[in-house]
Structure formats: structure tokens, C-alpha cells
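Trainee: Please find one structure pasted underneath; my questions will follow.
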Amino acid sequence: AEVSTQSTGGTMLAGHKTADVVIILKHLPTKEDTSKVMKILGTKMNQQQTDKAAATTAVTDSGFTYTHAGNTLRISLTTLPSNTTETIDHEKHIKLEHLKNSLAAIRHARWFEENAFQSSIRVMVRILKDFKRRIPFFKNANPWTIDLLAHHSASVTGSQLTIPLVFRRCLQLLAAGILLPGSASISDPCEPGFVKAHSFMSYEHQDELSCGAQTLLRALAHGGFREILGMNGARRVTFDTPIMFDGVIVTPSKLAYEKPTETEKMDTNAGS
């Protein structure tokens, strides 16, 4: 079995107590394999614990979790890519969807390790993850999209941008709509063909990212970096009411996407 972790790269935030591990088996993983690996790993992990806090394990759709003292290890089982074409017994094996997602997670982790060698990229990833934790408009940002966006923001031919420039460029790209429908977007380097980095996101979530970035960019233009980064003692940037920076009133952007009503959905389905 091969073990690969998604939580590499030095981009985890302080206080984040969840790590992801993918285990590759040479055969299609079964639910029985999940139980066996969970028992073996749980026993070995318990032997290494120095305190007496009880550890718990729980089966998930893709593998299982191991939790001890508030820290959680999420383990997913998958197989070699060549095995994904074999016939899968849904009563016996882990679903193909979960196997492919775990393989994709490994590709993402390897790509990031090989290509995110600039410190500015890793810092930008941590900032975006902090946004995801603090700012409602960023809560639905996918970790892989965050990695690609940070890398794209720092990638300028012939020069290496400083962290402040990467930060500003990232907000500018989001505010300009790089992850909106119809945009050139960012190509997923781990998928064949041209797969957009935001292709899996709903229109609503795409709009939230762009709208939130527009407001943050206005605040940054008027010296609101402390508020944006959530530094100690700084006030919060509001996204529903105007806020003043050095005598300048910054008005938050409004969401543009409107969910279709049930009647509009029925008319669309009838037309198709």
C-alpha cells in the first residue's frame, strides 16, 4: 500500500485539527478492507499516544476517521488508476466516485509540492484559507481551487512577486471575475484537456467569491489591510453595510446572481 497525504505543503492554519491521508491498495478496496485498516491503524495510533484520552474511529463513505484529543485524521482508501475500470460491486466495494476523488487528491498534493516552491504561494494559500474560515463569501472555496488561485496569482513570467503584490493580484483576479461563468478561468493541471478550476462550483458560490473580493479590494485601496487580514484590534470588514477608511466610505458589492424560481425552473425544463 502507498500512503500519500493531502495536508502537506506547510499551508495548514494554526488551530486546524484535521489532516487527510489517502491509502492506495493494489486491489479494489472493499468495506472489509476499511474495517481491517481501521483496526490496525487504530491499534498502532493508540500505542503511540502519551495521554489517556480515549480515541474514536468511525467509518465513512471513502474510508474512516480517527479522532483523539480533538484532532481528527481522515483516511480514504483508493486503488491504482488502472483498477478503476474494473467492475465494482456497490454492496462490497467503495464507490467509484470516492476512489476517483481520492486519486485526484493525491495528484493535487503531488502537483502542489512540485510547483508551489515560492514562499509567496504558500503564504497566499494560508491567507485564503483564513478567509474561508472568517469571511462568509469565501466559505465555499474549494481547497484545490485555493491552491490553483494562489499559484496563478504568483506566476508572472520573468519576475517573482512579493507577498503584498501577490495578495493584491489575487483579489484583483477574483474581483475581475476569473472564476465566473464564461471567463478564461484557470486550467486544472491535473486533468486532461481544459478543465476550468471552478467548473464544479455553483453559480451562487462563484458570485460570492467575486463579490467578496470586490469589497476587499476596495478596502485594500484605502488602507484597510489590517481589517482584511483580521489583525488583533482591527475592526471587521462588513459585507452588508458601508464602512469608512480614512474618511472614504467603502460600499460593499451586491450579489448579482439570483436563484431561479420554481416557475422559471419548470419553464426551462418544459422548453428542453
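Trainee: Of (1) of a type outside the set (A, V, I, L, M); (2) assigned to a helix (DSSP H, G or I); (3) surrounded by 14 or more Cβ atoms within 10 Å (Cβ to Cβ), T65 satisfies all except one. Which?
Mentor: (2)
Trainee: While we're looking at this one, here's another question. Identify, by number, the condition in (1) within 20 Å of L179 (Cα to Cα); (2) buried (at least 20 other Cβ atoms within 10 Å of the Cβ) that L103 doesn't meet.
Mentor: Status for L103: all satisfied but (1).
Trainee: Pairs please, first residue from the range 251-272 and within 19 Å of L216 (Cα to Cα), second anywhere and part of a loop (DSSP other than H, G, I, E, B) and modelled with pLDDT under 85, Cβ atoms under 9 Å, 6+ apart in sequence or on different chains.
Mentor: Close Cβ pairs satisfying both conditions: none exist.
Trainee: Same structure, new question: Regarding R134, is this residue of a type in the set (D, E, K, R), loosely packed, with under 15 Cβ neighbours inside 10 Å and closer than 25 Å to H16 by Cα?
Mentor: Here the answer is yes, as R134 does meet what is asked.
Trainee: While we're on this one: Within the range 17-43, which residues are of a type outside the set (A, V, I, L, M), free of Cβ contacts under 8 Å to residues at least 60 places away in the same chain and in a strand (DSSP E or B)?
Mentor: Hit for the range 17-43 is T18, nothing else.
Trainee: Select, from L216, L220, the only residue that is over 21 Å from the mean Cα position of the chain (by Cα) and hydrophobic (A, V, I, L, M, F, W, C).
Mentor: One residue alone meets the criteria, L220.
Trainee: So, one more: Across the range 176-189, which residue is surrounded by the fewest Cβ atoms within 10 Å (Cβ to Cβ) among those that are farther than 26 Å from T251 by Cβ and among the aliphatic types (A, V, I, L, M)?
Mentor: Checked the range 176-189; the qualifying residue surrounded by the fewest Cβ atoms within 10 Å (Cβ to Cβ) is A184.
Trainee: What single numbered condition from (1) at pLDDT below 90; (2) surrounded by 14 or more Cβ atoms within 10 Å (Cβ to Cβ); (3) not β-branched (V, I, T) fails to hold for S253?
Mentor: (1)
Trainee: Assuming G224 fulfils every condition listed in (1) closer than 17 Å to P252 by Cα; (2) open to solvent by 10 Å² or more (accessible area, probe 1.4 Å) apart from one, which condition is it?
Mentor: All conditions pass for G224, except number (2).
Trainee: Of the residues that sit in the range 137-151 and are open to solvent by less than 20 Å² (accessible area, probe 1.4 Å) and under 10 Å from T11 (Cβ atoms), which one is farthest from the chain's Cα centre (by Cα)?
Mentor: A150
Trainee: Against the condition of a type outside the set (F, W, Y), closer than 26 Å to T18 by Cβ, more than 14 Å from the chain's Cα centre (by Cα) and open to solvent by less than 60 Å² (accessible area, probe 1.4 Å), how does S120 come out, does it pass?
Mentor: In short, yes.
Trainee: Scan the range 183-203 for residues that are closer than 23 Å to F112 by Cβ and either among the polar types (S, T, N, Q) or outside any loop (DSSP other than H, G, I, E, B) (or both) and jot them down.
Mentor: Step one: filter the range 183-203 for residues closer than 23 Å to F112 by Cβ, giving 183-201.
Across the range 183-203, the qualifying residues are S183, S185, S187, K196, S199.
Trainee: Tell me which residues, restricted to the range 190-217, are surrounded by fewer than 14 Cβ atoms within 10 Å (Cβ to Cβ) and either within 28 Å of V250 (Cβ to Cβ) or at pLDDT 95 or above (or both).
Mentor: Once the filter is applied, which keeps residues that are surrounded by fewer than 14 Cβ atoms within 10 Å (Cβ to Cβ) and either within 28 Å of V250 (Cβ to Cβ) or at pLDDT 95 or above (or both), the range 190-217 yields S202, E204.
The values are calculated or read from the model by the stated rules, or taken from the named source; none is laboratory data. Since the model is a prediction, treat every value here as computed from it, not as a measurement. Don't worry about glycine lacking a Cβ; one is built from the backbone with ideal geometry, like all the others, and counts go over all protein chains shown. Each accessible area value is taken on the protein alone, full model and side chains, heavy atoms only, with ligands, DNA and RNA left out. Shrake-Rupley method; radii C 1.70, N 1.55, O 1.52, S 1.80 Å.
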